[in-house]
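Undergrad: Sharing a structure, written as structure tokens. Questions coming.
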Amino acid sequence: MFEDESMIRDYQALQYTWFEKGKQRIIKTTGKHRGVKLLATVDYVTGEIVWQEEDLYTAKEFLGFLGKVTTAYPTGNIAMILDNARIHHAKLLEPFLKKMGGRLKLIFLPPYSPELNIVEGLWKWLKSDVINNVFYHTVEEIRKNVQAFMEHLEPMTIIDRLCVRMESNAIQENP
């Protein structure tokens, strides 16, 4: 499975869109930098996701998320592919990983290679469908729509949109 974090900010972004010539679409913004912080995994084989919202990105929150992931996958080994964020290397994780007895293995991507992480595609998809070209008055509005998006994802749609595409891109790049 792949893991990553993202902040869905309350300042909006324009995405490609059509508008009448001379009538460019204007999206209001609050000018504040609040948002919803998310952690998620995508299971490359089943398309299942495990996710949660947090107030902070610290090793403590990441450790709690690892607990949620291992609860969601109570048997078998788990290989988690993730980036080299500091929270992923924290000493705080060592007792938990040791307690797991090798059942949970963290595999780190090379530095500066977000294109290799499937969850980056999930964040792009989420922002495209929920955030871009939309104005939200409050973080609670963003939170509600992010939750609705994440809770209604279908595993086969995730595989079709994120997992298979990455596999076919790798085949095209490495004939």
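Yes/no per residue for (1) crowded, with 17+ Cβ neighbours inside 10 Å; (2) touching a residue at least 60 places away in the same chain (Cβ under 8 Å):
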| residue | (1), (2) |
| --- | --- |
| Ile81 | yes, yes |
| Glu94 | no, no |
| Lys98 | no, no |
| Leu106 | no, no |
| Ser113 | no, no |
| Asn117 | yes, yes |
| Ser128 | no, yes |
| Ile131 | yes, yes |
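Undergrad: Could you grab me the full set of residues in the range 39-59 that are touching a Leu at 6+ places or on another chain (Cβ under 7 Å) and among the small types (Gly, Ala, Ser)? Before the answer, list the steps.
TA: In the first step, residues of the range 39-59 are kept if they are touching a Leu at 6+ places or on another chain (Cβ under 7 Å); the result is 40, 42, 49, 51-54, 59.
Those that are touching a Leu at 6+ places or on another chain (Cβ under 7 Å) and among the small types (Gly, Ala, Ser): Ala40, Ala59.
Undergrad: Just wondering, is there one or more residues in the range 123-135 that are at pLDDT 90 or above and among the small types (Gly, Ala, Ser)? Before the answer, list the steps.
TA: In the first step, residues of the range 123-135 are kept if they are at pLDDT 90 or above; the result is 123-126.
Narrowing further to those that are among the small types (Gly, Ala, Ser): none.
So far as the range 123-135 goes, no, none of its residues is at pLDDT 90 or above and among the small types (Gly, Ala, Ser).
Undergrad: Quick one: which residue in Arg9, Arg25, Arg34 is at pLDDT below 95, crowded, with 16+ Cβ neighbours inside 10 Å and of a type in the set (D, E, K, R)? So that I can check it myself, show each step before the final result.
TA: Working: Arg25 fails: crowded, with 16+ Cβ neighbours inside 10 Å; Arg34 fails: crowded, with 16+ Cβ neighbours inside 10 Å.
It is Arg9.
The values are calculated or read from the model by the stated rules, or taken from the named source; none is laboratory data. All figures in this text were calculated on a predicted structure; none of them were measured in a lab. Cβ atoms come from the backbone with ideal geometry, glycine included; neighbour counts cover every protein chain shown.
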